[in-house]
Structures are given as C-alpha cells and as structure tokens.
C-alpha cells in the first residue's frame, strides 16, 4: 500500500459523553479514491466519529491526520475549509436560494467592488455539476428540487470547496431505487476524481454494491475493517452484533391473555405505511427498527399525538378514537416518549407533581388537590422505584437521567392502564438503572398490562420481549417468537 | 462540576429563589424614596388610593398570569375594557338596570375570551398576533358602536358604588380585588385546573400525553382572563362615570409589565399570583409617585416602558441562571 495514498487518518480517537463512552481509541484510515463503508448498530459510534470529523464535536483525545498533517477543527466551517465535507441526513441547504447560490454559499465569486459575479457563479456551478454528470439548472430554487437532487447540490458544494474527503450519513434513507442508482453514479464519479469517501449506512447490500472497504463499529470501538472482497454479509452482521447477552434481562413471566390492543392498517402521511398487529394482556411486544424505520411515529400515531391518515385501533374490542390524546389517556393508554425532556417531563414542576400528572384527578375533591394524599402516594413510588431525590418537592429538572426516567415510569405505574407504550425506555441511561427499568417492564406485564417496547437496542429487545416485530421503512417486515428470534434474523428483516 | 459563584450569578440565583422577597424590598425602597420627596405618600388615604387604582390592573393581572402560565398572552384587554365600559353604561341607560348592564359587560368579556381562545386553538394563530388583531377589532368596534362617550343618564346609586363606594373604610374595588384574588389563589395553587395550567405551559406534549385537553384548557383560560378584564372595565366605567370609547389605552401593557415584573415567565409554565400582586402595585406606585412628587405626568408612560424592558431582562436572567444550575 502506498502511504501517500492515505488522505485521512484517525488515531486513537476517544470521545466520552456523560455516562457513555461514545468512542474509545478508534483508528481508521481512508485513501484517495476509496469508498469506505461505516456500519454498526445505533449507538455504535459512527455518528460521533463523523461529527468529530465535521468539527461539530471536539474529541477528548487522539489525533486526526489530514494529508499527513495534524488537523485541528474548531467548527463545522473549519472542516469544510480544509476540504472535508459531511453530507448529513438533515441537509444544510438554504431552500429559498438557487442551486448555484447554494453550491457557492460560503465563497461567492465576486466582481471588483464586492458585487456578486452572477455569470461566473452560474458558469462554475454548471462546470461542477457537469463533472459529476448532473443535469440541473443552476438558477433553479433549491426548494423546488427533490430530496435526491438536493443531496446532489450538497455534493456539488463539496466540490466547490475542492473537498478531498466526502462523508455521507445514510444518504439513501429517503431515496427511491432509481434515485439511489443515480446517487451511486455520482459517488463513483467522486471516486474517479480521487476523493476519499466515508459512507455511513445501515443497508448491507449497498456496502457490497458500492464500497471498496467495510469498517464495522460496535460499542464505540472499531471491530473490523476489511476490503469487501475478503468478507461477506454474514461476517459483517456477526461483527456488528458481536456479543450474546440474552441472559442479562430476565423475562420471568410470559403468560398471554386476551387481545387488548388491535392495530389495523395504521398509516400516516409521512412515515407509516399500514401497520397491523395485536398485543395481548400480560405480553411484552418488542418493536425493533433502525433509525428512520418509523418506530417513534408508530408510538405517536397509536397514542393520537400525530394525525393518522388511515387505519383503526381497537382497545378490548372497542374502537378507539384516532388522533385524540385525551381520549387515549382516559381509555387507559400510557406513553413513555423517547424524548424525555422535550415530551415527557414538565421540568418546572416537582418530582411528585410530575409523577401524578395523569392521575392527579384521583387525589382531588371538589376540584381541589389533597396534597397529603398525593404526597403519600408519590412517596410510596419514590421508595418502590428507589428514585434518588432530596425531596418530593425537588424540581424534576435537577434529577439524573435515570431517575427522571423512573419518575416517568412511576407516572404510569400509578395509573390504571390497559396498554403502555415505551419508546426507547433506557436511552441515555447507565447500566444499573437500565437493569432496574427492565425489571419494571417485566413487572408491568405481570400485572396484566399489554406492553409495547420500541427499541433500537438489540440486547434489550431480545431480553424483554415475548414477541418481536421488526419495522423497516414504515412497515412491519418481520415477526419472531421469543425462542426463534436471533440477532441475525432481526437485523436481516430490519435492513430489508 | 462546581460553579464559581460570581456576584452576578449569586444575584440571579437569588432572583429565582427569593423573587417575591426581592420584589417586596423594591416596593419598600420605592415607598421610602417617594416618602422622602413627599411625606403625604405614606398616608392611609394615599395608600388606599394606590390600592384602589391598582385594583383594576390586579384583577386583570390575575387572568393575565394564568394565560402566561399556559404560554399564551392577551393584548386585547385594553380595548376590551373600553368596550365593556361603553356597553355597560349604554345598557344601563336603556334598561335602567345596573345588573343587566354589568352582565352585558361581563358577557362581552367572556365572548371576547372565547373568540381569542378559538383563534388560538382552532386557527392556530399565535396569541401575540391573534390578540393584537382582537385589540384592533375591539377598538374599531367600540368606535363604530359609539363615537362619543356614553354619559350617565340613569344616576343609579348601585352603579356609582361599584367604583366609588365603601364597605366600612374599605373601597369597594379593593374588596372586589381581594375576593377575586383569594378565589384565584385557590384555583391556581390548589385546584386541578391550576395544576393543569402549569403543566400545559411547562410542556404541552407532556400535558397532552397525561390526558389533559390542552385546547379546551386554553380556551377556558382565555375566557376567564377576558371576563376578569371585563370586571376591571366595569370598575373603570363606574369610576369615570361615563363610557369612554378611547379609555383603557395601554392598560394591557401596564398589566403585562406588572405580571412579568412579578416573576411570571414569558415562556410559560411559571408564575405566581403573589408576584403579580406586588409587580402590579410597584407599577402603580411608580405612577403615583410621579404625580405626588409633582413631576411631569407624561413620565409615567416613559418609565413604564423602561420597567417593561427591565422586567423582561430579569426574566431572561432567571432563565439563564436556571440553565446554569442544571450543569452542576
């Protein structure tokens, strides 16, 4: 291997967030004209790495060599100036401006005196678009383009900066098969131009169709990095999944009662494309899906937080009104949202007040809340769930993530429910609290509830579920019983 | 991580923890300063005078506090106060019944609140804009209804007493204020509705997930707020003894300034009635002080403007300090 060919090298990079080691000692090198795939489960560290390379995050330790020289990035603008362009899933375009204006956004060609040289701007844009075989009018407004065309504009922007490295974060997740084909053509053009490409994806078939090398991340570490010719899908999946920890989560109860919730053909305008399944009393149904599969959308649609375009819901044989959260709540549905602070907690209120929010009515007489009864009940749950808080009146804002999550769980334990939907119940929570929350999920089911757990964490999924449904692109693409489910089968269904 | 407490941070942290105490200190300090200029300020007559003048803004401030707690605002109450005054006086003139006139005024308030609430929840128009529109509609509406002031042709004793009468030594507006204040103190601090107000303003999604009908709650709060403003309008028309279509100008800003000064957050989810009472009275004392010190009365508007900026600035400081506390 010619050493000079390496354009970007990452050495022993480490990045820690409170409670999580996102990257620990990662080495990676990328050559000119190489398309390297980065794969791994959610939370494996891919996104953290590309955000460090984009200048969004600062690394804790380690070094980055770019064209053989150490690279220090202080902002996203820095990385672009140095020749590293990251195309995120959320495109960074100014929709109201033209294609050409976006391509040269940071460096408009100017006439003497400072006016923008529109002719040069449009001509050079045309040249750049031509170099990747793209037929787009430079004066068109970006807002009138398809997502796929907008992506191309982002790539063209990289070329206007003479980027030497282009990093793409799941670029195909919102594209049709035809658009994916033309994207691949553009990426191959970039390769011919000698640009090194890091390609983050969940879809393994893309890896083998497009990439030269596949690098697998797991738990913040680089597990393997091989030329695609020397590996295969099974080997990559094994590297991604790695461990077997199915015994970590004891699922003690698995009785299955009558049908509690029936979901039929549920669809939304954006994401869900007809989802049907049933959940029974005392059953934990785990729903797995990779980023963008539609898990959270499903939870919100069932609860009525998002408008539903088609389908119906039945609760114990009775039709449930769609799109009304107060109706769902009173019918006995509970929802633990993925976004704890944004959608779950009322940060200004106390621990007790947060716990009793859905059930405070039970403590009221003539419309007035009997604080003593409320506090007694809250205290009971603080003890039962071992919530660490100085007092019941303490603002919930000041608790740790794990304890906040327990407050939210207590909220639903206090209320008489039929169905509870838990969306990523252990995200961002340390291992100890995780195990406690898994135990609670088990207890909830034992109490006769129908429990739905939406998760992107494979071990959690296999540990807590009686039955597993797999989602991909807004559909259910697989169903497995507890005994037949394996990580490989689930992942295969998730990337279908 | 420990935070090194600079003096500025200590101050803002104190603002969070002891907001009401600081406000009381400001109130006392202002009173002392004005009394030095003119000892008459501290007389019982002047204190009752200040409280009676404050009663309208405090009563409307109760509603405004509840609205701000849910994350909404109402700028139409100044125009509403004028319209209520004109309608109340007109109806009493026509029916010779004080009760019917007052009822008509309150009904106008409730209907305005309903309209504001529906515009906010059904048409999804931001309440800042929606109620500015309502302010224009009501002000134009009252001019269309009556271009000139409606004079008192009925000479009803009951009507006169609403704004000018006494209960023992206590002016009736102060009594009205005290009763409404205590009732809503209970509502906000002890009732289910009060809890739901805070939850709705603090995190609307969490409130919805907990089964609170956020839209209905907001509509009801708009109605309560406008009806309380209508009570202030009835007191005002009685005190002026004529229904003036151009009255109540700037009333909404006086109320909002007082409420924010009292520690109610513009962002929703936070606020106390105690703070509102003190905040509104501070605004009144400033205005009263300007008169009693014999300064140019136009200063009142200027000073109110500065106080509004100061109040919002303090609100921001509080929010910042809070976000810093989290990182400990």
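Taken together, the values in this text are just the output of simple stated rules run on the coordinates, not laboratory data. On a predicted model such as this, the values are computed, not experimentally measured, just so you know. Counting neighbours? That spans all protein chains shown, and the Cβs are built from the backbone with ideal geometry, glycine included.
The table below lists the values:
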| item | result |
| --- | --- |
| Average projection area in nm² (convex hull over Cα atoms of segment A:321-374, one quarter of hull surface) | 4.8 nm² |
| Förster radius 22 Å - calculated FRET efficiency between residue A:496 and residue A:276 (Cβ-Cβ, nearest 0.05) | 0.80 |
| Label point 7 Å beyond Cα of residue B:110 along Cβ direction - residues of segment B:228-242 with amide nitrogen under 17 Å | B:228-234 |
| Descending Cα extents along the principal axes, segment A:3-241, whole Å | 54, 37, 36 |
| B:72, A:106, A:374, A:179 arranged by Cβ crowding within 10 Å, fewest neighbours leading | A:106, A:179, A:374, B:72 |
| Three-way shape label, segment B:222-328, alpha-carbon gyration tensor, a/c 1.5 | oblate |
| Distance in nm between pseudo-label sites at residue A:185 and residue A:361 (7 Å out along the Cβ direction from Cα) | 6.0 nm |
| FRET efficiency for residue A:398 and residue B:25, using Cβ-Cβ distance with R0 set to 25 Å, rounded to 0.05 | 0.40 |
| GNM result for chain B, Cα springs below 10 Å: residue of B:214, B:179, B:237 fluctuating most strongly | B:179 |
| Antiparallel %, DSSP beta bridges [both residues in chain A], to 5 | 55 percent |
| For segment A:346-415, alpha-carbon Rg and Dmax in angstrom | 11.1, 36 |
| Ranking of B:315, A:269 by count of other Cβ atoms within 10 Å, fewest first | A:269, B:315 |
| Viscosity 1.306 mPa s, temperature 10 °C, Stokes-Einstein D of chain B from Kirkwood C-alpha radius, µm²/s | 77 µm²/s |
| Contact order normalised by residue count of segment A:89-128, Cα under 8 Å, 6+ apart, percent | 32 percent |
| Value of D in µm² per second that Stokes-Einstein yields for segment A:1-120, Kirkwood Rh from Cα pairs, at 4 °C (1.567 mPa s) | 78 µm²/s |
| Counting all C-alpha pairs of segment A:259-413, share separated by more than 24 Å (%) | 42 percent |
| Hypothetical label at residue B:148: residues of segment B:86-122 whose amide nitrogen lies under 18 Å (7 Å Cα-Cβ projection) | B:86-87, B:89-91, B:93-94 |
| Residues in segment B:96-140 reached by a label modelled at residue B:167 [backbone nitrogen below 15 Å; 7 Å Cα→Cβ] | none |
| Sorted by Cβ neighbour density within 10 Å, fewest at the top, the residues B:88, A:231 | A:231, B:88 |
| Helix axis angle, A:177-192 relative to chain A longest principal axis, alpha carbon, degrees | 40 degrees |
| Label point distance in nm, residue B:175-residue A:258, each placed 7 Å from Cα along Cα→Cβ | 6.2 nm |
| Angle in degrees between helix A:371-384 and the longest Cα principal axis of chain A, rounded to the nearest 10 | 70 degrees |
| FRET efficiency estimate (nearest 0.05) - Cβ-Cβ, residue B:306 to residue A:439, R0 60 angstrom | 0.55 |
| MRE, 222 nm, helices only [DSSP H, n ≥ 4, -39500 (n - 2.57), over chain B, to nearest 500] | -25500 deg cm²/dmol |
| Angle in degrees between helix A:401-414 and the longest Cα principal axis of chain A, rounded to the nearest 10 | 40 degrees |
| Where only alpha carbons of chain A are counted, the Rg and the Dmax (Å) | 25.4, 82 |
